[in-house]
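The values are calculated or read from the model by the stated rules, or taken from the named source; none is laboratory data. Remember, predicted model here, so these are calculated numbers, not experimental data. In this analysis, Cβ positions are derived from the backbone assuming ideal geometry, glycine residues included, and neighbour counts consider all displayed protein chains.
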Amino acid sequence: MNYLGSNAIKNKKVYSNFFFGHFKNFTRRKQGLIGLMIITCILLIALFAPLIAPYDPVDDVSYSNLNAAPSSQYIFGTDEFGRDIFSRVIYGAQVSIQISFFTILISATFGVVMGLVSGYFGGFIDGLFMRLVDGLMSFPPLLFAIALMAALGTSTKNIILSLAIVYTPMFARLIRGCVLSIKEKEYIDSIKIMGGSKIRILFKHILPNCVSPLLIQMTTYFAYAILAEAALSFLGLGVPKPNPSWGNILYDGRQYMIDSPWITIFPGLAIGITVLGLNLLGDGLRDYLDPNLD
Amino acid sequence: MTGYLIKRILALIPVLLTVSVVVFMIIHFIPGDPAAAMLGSQATEEQLTQMREQMGLNKPLMVQFSIWILNLVQGDLGSSLVSDQSVLSLIANRLPVTLNLIIFAMSFSIIIAIPLGVAAAVKHNTSVDYVSMFIALIGISIPNFWAALLLIMVFALNLGMFPATGYIPLTKSIVLNLKHLALPAFSLGFIQAGIITRMTRSTMLDVLRQDYIRAVKAKGAATFTVVFWHALKNAMVPIITIIGINFGLLLGGTVVVESIFSINGIGQLMIQSVLNRDYPVIQGIILVIAAIYVFITLFVDILYTYFDPKIKFRKG
């Protein structure tokens, strides 16, 4: 541990290409690299699902192979309708990742705007926003999402909407804190003296300094969103059937746990690996972008 | 200290007010007519009118809210649309079960996590550190409901060591209570264990590097005293924060775990009410849970002052 906080800085090499340099330096640490590899694989699987999956996840029912054990024909086995679990898990990646992606995109966007406005302008609007944030953050996330789903009704769009409502305050609070710490810095004062407009200061000089914590939090919350979506679908409040999502497949497998455990094992494994990848990526990003956090 | 306490308690008022507004607004998030959503598609116009009357849905929003808040202050959360029982008594019946489960899960995770985190920090960058961090990482990555299903598969269905479902109250039999709650508490608690382990390790690493620890070591104190008395006490503030925050996660996670293990707690009640579209109960549950969570946060803040006396001078 040197004065600057970590060995990460010492070990950084300077590369001429900006993106390549960041990529090279980031992947010098193992955990970030492993996380990045896992997530890239999962994204590719989701993207090329129609090419990878041997069967259709919904329509290919085979009544001669109900709850069949894993075999060369069905490598993850089949479910109660004789649908291929492997294909369902592959397509499930698409569904789960899409939902989490849009959830994070929406909550980060609104959170950033709320946080910037709140932190920079302060006063009444800050008080109003922060009371709202405090209030919303008093609900346990999953429970709040369940209550919202109960009101909105189950659909893919509504999962995204409810999870976005649950996560937005967390992004708002993060960005507000970041803005508050930066706006007092001397260089912001000097930009003000030079006549920089408020909007320019906010987006050109403050926001870029909040990108690191934002990226880290987006990665972590992506993992939370995957888990939350799976939990909602598992409770029957998520993605409508027969569409496959990882939580849905688990929900179907629940009643056949004794005789056909493969229906439960594989989708859970998919969730676990994805979340593990995101956590590793998040840890890697934290080490790389914010060495002072240890 | 009293000044600080009063300030903290006063700060709860706007939070609780926002919470109640949000809870009140939940039924107004229902697309279309809330009365129709509660009664289903077969409802007659007469039934709809009666339901709107009963729920006060035909009054202006502000009037509805004032009535709702007035009832709330008097401890009246309405009554269930299904069983006609008062929401408060429904919740009061189920709450002890859930708290029993949560406290068990939390104690279990603390007992595992703090020693693991301390060991990882003391043996920084050794195999002990790597193994504990790997366990913690697996802990935070596995969905609890999946773990619950696997645990049932292995320990209940195949080995028969623990019952797969059900709940025996603590007052009836301590042994049976623990036996029934072992699997649910484990599946609920291991994520917290992962989070607390990571937090303990990183704060302990910070504390162990500080000068006063070197001074204590130089004085000749035993390693055990240095680590568990001098260092851990100062590392406790962030650890307690994370434990407090995780209480909220546990209150959410219990919905899924209770449904898997058929434990009749708040979580099961929540799921049943969602399936029955019993909105007053849903509102009541999230309101009570949010209030509990808010007070836990307050309690955590007060605990800080014990572990870090500087805080009360800074804030109070």
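Here are some notes:
- Checking each residue in the stretch B:188-230 for being among the acidic types (Asp, Glu) and surrounded by 14 or more Cβ atoms within 10 Å (Cβ to Cβ) picks out only B:Asp206.
- Of all residues in the stretch B:59-95, those satisfying the criterion of being touching a residue at least 24 places away in the same chain (Cβ under 8 Å) and closer than 30 Å to B:Ile174 by Cα are B:Val87, B:Leu88, B:Leu90, B:Ile91, B:Arg94, B:Leu95.
- Annotation: of all residues in the stretch B:247-300 being within 9 Å of chain A (Cβ to nearest Cβ) and of a type in the set (Phe, Trp, Tyr), the one that is farthest from B:Gly56 (Cα to Cα) is B:Phe247.
- Conditions (1) more than 11 Å from chain B (Cβ to nearest Cβ); (2) of a type in the set (Gly, Ala, Ser); (3) buried (at least 17 other Cβ atoms within 10 Å of the Cβ): number failed by A:Gly196: (3)
- Any hit, the stretch B:13-23, residues being closer than 21 Å to A:Asn158 by Cβ, of a type outside the set (A, V, I, L, M, F, W, C), at pLDDT 80 or above and assigned to a helix (DSSP H, G or I): no
- Members of the stretch B:54-96 that are of a type in the set (Gly, Ala, Ser) and either assigned to a helix (DSSP H, G or I) or within 18 Å of B:Leu16 (Cα to Cα) (or both): B:Ser66, B:Gly75, B:Ser89, B:Ala92
- Of note, B:Ala185 does not satisfy the criterion of being free of Cβ contacts under 8 Å to residues at least 40 places away in the same chain and either among the hydrophobic types (A, V, I, L, M, F, W, C) or surrounded by 23 or more Cβ atoms within 10 Å (Cβ to Cβ) (or both).
- Residue list for the stretch B:29-50, filter: in a helix (DSSP H, G or I) and farther than 24 Å from B:Ile292 by Cβ: B:Pro34, B:Ala35, B:Ala36, B:Ala37, B:Met38, B:Leu39, B:Glu45, B:Glu46, B:Gln47, B:Leu48, B:Thr49, B:Gln50
- Filtering the stretch B:1-35 to residues that are away from chain A (no Cβ under 12 Å), over 26 Å from B:Phe307 (Cα atoms) and among the aliphatic types (A, V, I, L, M) leaves only B:Ala35.
- Qualifying residue in the stretch A:216-237 (condition: more than 10 Å from chain B (Cβ to nearest Cβ), surrounded by fewer than 17 Cβ atoms within 10 Å (Cβ to Cβ) and within 25 Å of A:Phe26 (Cβ to Cβ)): no
- Of all residues making up the stretch A:238-256, the number that are surrounded by 19 or more Cβ atoms within 10 Å (Cβ to Cβ) and facing chain B (nearest Cβ under 9 Å): 4
For every residue, the table says whether it meets (1) under 19 Å from the mean Cα position of the chain (by Cα); (2) more than 30 Å from B:Gln268 (Cβ to Cβ); (3) not acidic (Asp, Glu).
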| residue | (1), (2), (3) |
| --- | --- |
| A:Thr109 | yes, yes, yes |
| A:Val117 | no, yes, yes |
| A:Leu136 | no, no, yes |
| A:Phe139 | no, no, yes |
| A:Ala147 | no, no, yes |
| A:Gly153 | no, no, yes |
| A:Ile159 | yes, no, yes |
| A:Ile165 | yes, no, yes |
| A:Phe171 | yes, yes, yes |
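- Qualifying residue in the stretch A:229-237 (condition: farther than 21 Å from B:Val257 by Cβ and of a type outside the set (D, E, K, R)): no
- Residue within the stretch B:162-175 that is within 21 Å of B:Ser141 (Cβ to Cβ) and in contact with a helix residue (DSSP H, G or I) (Cβ under 8 Å, 6 or more places away or on another chain) present: no
- Among the conditions (1) surrounded by 14 or more Cβ atoms within 10 Å (Cβ to Cβ); (2) over 21 Å from the mean Cα position of the chain (by Cα); (3) not small (Gly, Ala, Ser), A:Pro50 misses just one, which is (1).
- Qualifying residue in the stretch B:217-224 (condition: at the interface with another protein chain (Cβ under 9 Å from one of its Cβ atoms) and on the phi < 0 side of the Ramachandran plot): no
- Summed over the stretch A:136-193, the residues that are over 24 Å from A:Ser212 (Cβ atoms) and in contact with a Gly (Cβ under 6 Å, 6 or more places away or on another chain) give a count of 4.
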